[in-house]
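Single-structure report; data block below.
The values are calculated or read from the model by the stated rules, or taken from the named source; none is laboratory data. Quantities reported herein were computed from a predicted structural model and do not represent experimental measurements. With ideal geometry, Cβ positions are generated from the backbone for all residues, glycine too; neighbour counts draw on all protein chains shown. Each accessible area value is taken on the protein alone, full model and side chains, heavy atoms only, with ligands, DNA and RNA left out. Shrake-Rupley method; radii C 1.70, N 1.55, O 1.52, S 1.80 Å.
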Amino acid sequence: MEDVKPTQITLAQDGDAGALEGLVRSIQDRVYRLALRMLADPIAAQDATQEILIRIVTKLSTFRGESKFGTWVYQVAINYLLTARKVIATDPSLSFEMFSEDLLNGLADEQHMAPEDHILINELRLKCTLAMLLCLDRDHRAAYVLGEILEFDHGEAAEVLGIKSANFRKRLSRARNCVQDFTAKSCGLAGKAAACSCQKRLPAAISSGRIGPSVTEAFDDAPTMTDVEIMVASTQANLITAKLQRATGSLTSKIDFAREVLKVVDPPI
């Protein structure tokens, strides 16, 4: 993970407005990407990102360089995403059993499945990929996002979560097994025997309002459905789940949080 230059951090801590704005801008996409993975909702992720960045700015004077700045940023972000009342109150508390039942509810048969609208089908794939992780409790979700999707070094991920490396590895292993088992049984991209496929699921997703008429901006650089199908066809079975979870594009926000945050935090430090 690329880190911010120490001189920029020092200038920002000393009250240099330009350095602070640049600092926030350099980390905002990382924070948003983490929030979106944890919350599976672009709007909620934007709100959380702003709150996290405000915390980072107001706590910046406490950073002493005892860890990498990027690690410290993720510590602040994860702490918010795991403990903030606002986040906890809106967590859907899904289970893989509930999610599986929901996927099969209203599933179209071969004659009534959606036409090959690759844009909407790909939108459904992406939203399903994100929502699937809500079936993990927040602690295991955080471990999975850091270790499996963002591919953190296990030692650094453990530091971010404030746990021992051995505990992180156990937590990641449990989360990985759950997501892999569910994907293999339920996702038509991962296994041909799975009942659900995006094409069969799309009519119900549209009628319920889960898929709208336009593509979510956060997904505008995601791989196409065709690209994903080709990728899956050439991937070993035990790696398909991780590949599908990572096949989302950059997941960058379209909001310039740096300016918005500095409007709220005045003075900045």
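When region 213-250 is limited to residues that are farther than 27 Å from Asp29 by Cβ and part of a loop (DSSP other than H, G, I, E, B), the one that is least open to solvent (accessible area, probe 1.4 Å) turns out to be Ser234. Does any residue of region 182-190 turn out to be open to solvent by 40 Å² or more (accessible area, probe 1.4 Å) and without any contact (Cβ under 8 Å) to a residue 40 or more places away in the chain? No - not one qualifying residue is present in region 182-190. Going by what's in this entry, would Ala175 be described as free of Cβ contacts under 8 Å to residues at least 40 places away in the same chain, closer than 25 Å to Leu81 by Cβ and open to solvent by less than 30 Å² (accessible area, probe 1.4 Å)? Yes; evaluated as a whole, the condition is true for this residue.
Can you confirm whether Tyr74 is in contact with a Lys or Arg (Cβ under 9 Å, 6 or more places away or on another chain) and either at positive phi or at pLDDT 95 or above (or both)? Explain how you work it out, then say what you get.
On the way: in contact with a Lys or Arg (Cβ under 9 Å, 6 or more places away or on another chain): yes; either at positive phi or at pLDDT 95 or above (or both): yes.
So Tyr74 fits the description; yes.
The helices (runs of 4 or more DSSP H) falling completely within region 115-212 that include 2 or more residues that are in contact with an Asp or Glu (Cβ under 9 Å, 6 or more places away or on another chain), at pLDDT 95 or above and among the small types (Gly, Ala, Ser) map to 165-186. Residue count for region 23-54 satisfying the condition of being among the small types (Gly, Ala, Ser), in a helix (DSSP H, G or I) and crowded, with 17+ Cβ neighbours inside 10 Å: 4. Listed by first and then second residue, the pairs linking a residue in region 240-264 that is closer than 17 Å to Lys127 by Cβ to a residue that is among the basic types (Lys, Arg) and open to solvent by 10 Å² or more (accessible area, probe 1.4 Å), with Cβ atoms under 6 Å apart and 6 or more places separating them unless they lie on different chains, are Leu251/Arg33.
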